[in-house]
Amino acid sequence: MQDQDSSALDALWTGLYPDLKQLARSRLRRSGGNTLLDTTGLVNDAYLRVAGAGSLREASPGQFLAYAARTMRSVVIDLARERQALRRGGDIDRITLSTAVSDSAAAEDEPLELDRALRQLAEVEPRLSQVVEMRYFGGFTEVEIGAALGVTERTVRRDWEKARLLLKAMLGD
């Protein structure tokens, strides 16, 4: 049974590989170069996580791409957390003489702040969080998001606007 699941996942992955590369390119472009991964590295890391999860036996291509977008987001967030921990010396407390915050440090923290806000949004409005993941992180169109979530294109547009306003308030912009 596990061999069938694995071969089904491999077939789905192979068939959607160009779309996954496009998703990864979009995700990396939005991260502003805050990761050390390239497109292929992000796709491969996402594949390892998806294959390890083993919960996509009968997913449609849209559902699979939505899950892959969420997984890619997770990979990028984990890398940002790791870099932040290394930058800050892990558990070592550092004292600096300057009170100025570096622009690069703020840019590196941006994915983590967005992730925190998205997790808060998911607790209150799970579908809004999914719409943001699929549109912002996955580069999906409103039609594709609607098909994957089983809602109309108009609902996706309303959800996107509502999510943007909520996230903007959460992030203090």
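Bear in mind that the values in this text are calculations on the coordinates, not laboratory data. Just so it is clear, the model here is predicted, and its values are computed rather than measured.
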Region 61-73 - phi-based ³J(HN,Hα) in whole Hz, Karplus 6.51/-1.76/1.60, Gly and Pro as x = x, x, 5, 5, 5, 5, 5, 5, 4, 5, 5, 5, 4
Computed lengthening from Gln63 to Arg157, 0.36 nm per intervening residue step minus Cα-Cα distance | 31.9 nm
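Run the numbers for Lys168 and Lys21: contour at 0.36 nm per residue of separation, minus the present Cα-Cα distance, in nm. Kindly include the intermediate steps, with their values, before the conclusion.
Working: separation 147, 0.36 × 147 = 52.92 nm, distance 2.88 nm.
Between Lys168 and Lys21, full extension yields 50.0 nm more.
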